[in-house]
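*Asks:* This is the structure I want to talk about, given as structure tokens.
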Amino acid sequence: MNRVLFTILSREEESLITSAVLIGLNTDKRKYDGDEISLEELSLLAKTAGLNPKVKLLHRRGRIDPAYYIGSGKAGEIRTIVAQNGIEAVVFDFEPSPVQMRNLERLIKCRIISRTELILVIFEKRARTKDAQLQVELATLLYSLPRLRHMWTHLNRIAGHIGSKGPGEKQLETDKRKISKRISKIKKDLGSIKKHREVIRKNRQYKNKVALVGYTNAGKSSLLNTLSHSSLFTENRLFATLDPATREVWLGEGVKALFTDTVGFLRRLPHTLIASFRATLEEIKDADILLHVVDISSPDAAERIEAVNEVLVEIKASELPVYYVFNKVDLLDGRNVKASILSSYRKHCVVSAKTGEGTRDLKDYLFRFFNCLPRVNETGEVYDYSTYRC
Ligand SMILES: Nc1nc2c(ncn2[C@@H]2O[C@H](COP(=O)(O)OP(=O)(O)OP(=O)(O)O)[C@@H](O)[C@H]2O)c(=O)[nH]1
Ligand SMILES: [Mg+2]
């Protein structure tokens with residue numbers, strides 16, 4: 001598949017592009033702080049993707065410009081910054097339309113990358129297993145398909161024929177056919193992966209199941225490592241985990257549970273990614289209880305919780321029982337745990353995956369939860385039932 005088709009950095013380009021300008025947009029004064037935090041997050045995303053953010057700008061503007069999104073005046077300013085600083089990429093914290101992207105690229109004379117593209121690049125870099133690679137490729141193709149038209153219109157202008165299809169349109173049709181064929185093939189392959197996962201899930205149906213969910217970098221994998229004494233990959237970058245991993249954790253006398261760690265969420269996570277990762281996200285829906293892991297040291301912890309809850313609604317997992325696990329308490333460094341956040345989430349514990357602090361409380365809660373959950377034996381009969389609800 002021709003990678004140039006996707007307005008996404010290829011691996012070769014990535015090694016060349018080092019310096020970037022990051023542009024955020026604030027259209028509502030009341031949301032200025034949120035947009036600032038979002039721009040900071042974009043910076044972390046850019047670094048994770050291998051870019052070097054040299055300049056960050058949060059542009060204030062009442063409404064979106066139809067031609068240039070941020071307006072031609074601002075785009076002209078960015079062009080000057082790009083030229084003066086030898087910048088090689090401009091990353092937007094929003095999603096201009098394909099036409100706006102093309103206009104901006106022409107005016108600024110620099111590679112333009114949208115937030116979604118940046119996230120797709122990171123997922124592509126992070127995907128290690130065949131399953132993850134297929135899911136990321138599907139997300140990339142689904143993102144590219146509606147954008148193809150604008151990649152080939154220049155060919156029509158070069159050699160347009162009235163009443164006949166220009167070379168751009170012919171190329172477009174060929175590419176669309178190729179991409180659609182590849183999408184069907186990936187969906188078929190993912191279908192068999194889904195079936196395989198269903199068999200695994202069926203074998204686990206009588207076991208206690210916990211799923212770790214949360215914002216990316218909250219410490220889900222670290223927590224599972226601490227609880228199960230394992231060594232899952234963790235990193236202080238975004239989207240360290242893409243593939244689900246399951247470990248058994250002993251909770252107390254006679255009670256064990258299978259804990260599944262999976263991909264982390266992000267605010268404004270691209271829908272194509274959620275759709276493509278459905279097979280992976282199914283693991284979450286299969287759990288008896290969700291542990292919503294939150295980085296308590298993050299200044300926007302409450303917004304992150306909301307972002308995660310939005311994804312849980314989207315994947316239809318919001319009805320499951322949830323226990324909030326406020327992690328990284330060691331980073332608060334003597335500062336009080338944010339009481340307002342904790343009081344908003346009645347069922348919670350405060351832990352440190354790093355030091356192990358609070359993990360006993362977490363296990364005790366789950367021990368009680370599973371002891372009180374209706375138990376069903378292999379023949380489907382309920383053999384232990386309590387009205388206790390956590
Ligand atoms: N100080 C401190 N750091 C932690 C703690 N838990 C995790 N970290 C660090 O936070 C970073 C992210 O941890 P991960 O376990 O990879 O986070 P994750 O939620 O699995 O992230 P994704 O897989 O990207 O969704 C790593 O650098 C960890 O070492 C903690 O309790 N205290
Ligand atoms: Mg992880």
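*Asks:* What residue, of Leu142, Leu138, Leu155, is at pLDDT below 55 and either assigned to a helix (DSSP H, G or I) or touching a strand residue (DSSP E or B) at 6+ places or on another chain (Cβ under 8 Å) (or both)?
*Replies:* Criteria check complete, one pass: Leu155.
*Asks:* Considering Leu258, Leu269, Leu290, Leu320, which residue is outside the structural domain of Asp131 (by TED's automatic domain parsing) and under 13 Å from the mean Cα position of the chain (by Cα)?
*Replies:* Being outside the structural domain of Asp131 (by TED's automatic domain parsing) and under 13 Å from the mean Cα position of the chain (by Cα) holds for just one of Leu258, Leu269, Leu290, Leu320, which is Leu269.
*Asks:* Now a separate question. Being surrounded by fewer than 18 Cβ atoms within 10 Å (Cβ to Cβ), in contact with a helix residue (DSSP H, G or I) (Cβ under 7 Å, 6 or more places away or on another chain), among the charged types (D, E, K, R) and farther than 29 Å from Leu331 by Cβ, is that true of even one residue in region 200-213? Lay out the reasoning, then the answer.
*Replies:* Of region 200-213, the ones surrounded by fewer than 18 Cβ atoms within 10 Å (Cβ to Cβ) are 200-207.
Of the ones still in play, those that are also in contact with a helix residue (DSSP H, G or I) (Cβ under 7 Å, 6 or more places away or on another chain) are none.
No, every residue in region 200-213 fails to be surrounded by fewer than 18 Cβ atoms within 10 Å (Cβ to Cβ), in contact with a helix residue (DSSP H, G or I) (Cβ under 7 Å, 6 or more places away or on another chain), among the charged types (D, E, K, R) and farther than 29 Å from Leu331 by Cβ.
*Asks:* Now a separate question. May I ask you to list the residues in region 205-225 that are away from ligand 2 (no atom under 13 Å from the Cβ), touching a residue at least 24 places away in the same chain (Cβ under 8 Å) and over 19 Å from Ser318 (Cβ atoms)?
*Replies:* Those that are away from ligand 2 (no atom under 13 Å from the Cβ), touching a residue at least 24 places away in the same chain (Cβ under 8 Å) and over 19 Å from Ser318 (Cβ atoms): Tyr206, Lys207, Asn208.
*Asks:* A further question on this structure: Tell me yes or no: at least one residue of region 281-303 is of a type in the set (Gly, Ala, Ser) and within 10 Å of ligand 2 (Cβ to nearest atom).
*Replies:* no
*Asks:* Pull up region 36-83, narrow it to residues that are of a type in the set (D, E, K, R) and touching a helix residue (DSSP H, G or I) at 6+ places or on another chain (Cβ under 9 Å), then point me to the one that is nearest to Ile23 (Cα to Cα). Write out each step before concluding.
*Replies:* In the first step, residues of region 36-83 are kept if they are of a type in the set (D, E, K, R); the result is 36, 40-41, 47, 54, 56, 60-61, 63, 65, 74, 77, 79.
With the extra rule that they be touching a helix residue (DSSP H, G or I) at 6+ places or on another chain (Cβ under 9 Å), the set shrinks to 54, 56, 60-61, 65, 79.
Details: Lys54: 11, Lys56: 6, Arg60: 11, Arg61: 12, Asp65: 15, Arg79: 12 Å.
Result: Lys56.
*Asks:* Right, something else. For region 195-307, which fully contained strands (runs of 3 or more DSSP E) count at least 3 residues that are within 12 Å of ligand 1 (Cβ to nearest atom)?
*Replies:* 209-214, 289-295
*Asks:* Pairs, please: C-beta under 8 Å, at least 6 apart or cross-chain, first residue under 11 Å from Val91 (Cα atoms) and in region 39-51, second in a helix (DSSP H, G or I) and β-branched (Val, Ile, Thr)?
*Replies:* From residues that are under 11 Å from Val91 (Cα atoms), the pairs are Leu45/Ile119; Leu45/Ile122.
*Asks:* I need the full set of residues from region 173-204 which are free of Cβ contacts under 8 Å to residues at least 60 places away in the same chain and under 23 Å from the mean Cα position of the chain (by Cα), in order please.
*Replies:* Ile183, Ile186, Lys187, Asp189, Gly191
The values are calculated or read from the model by the stated rules, or taken from the named source; none is laboratory data. None of these values were measured; they are calculated from a predicted model. Neighbour counts are summed over all protein chains in view; Cβ atoms, including those assigned to glycine, are modelled from backbone coordinates with ideal geometry.
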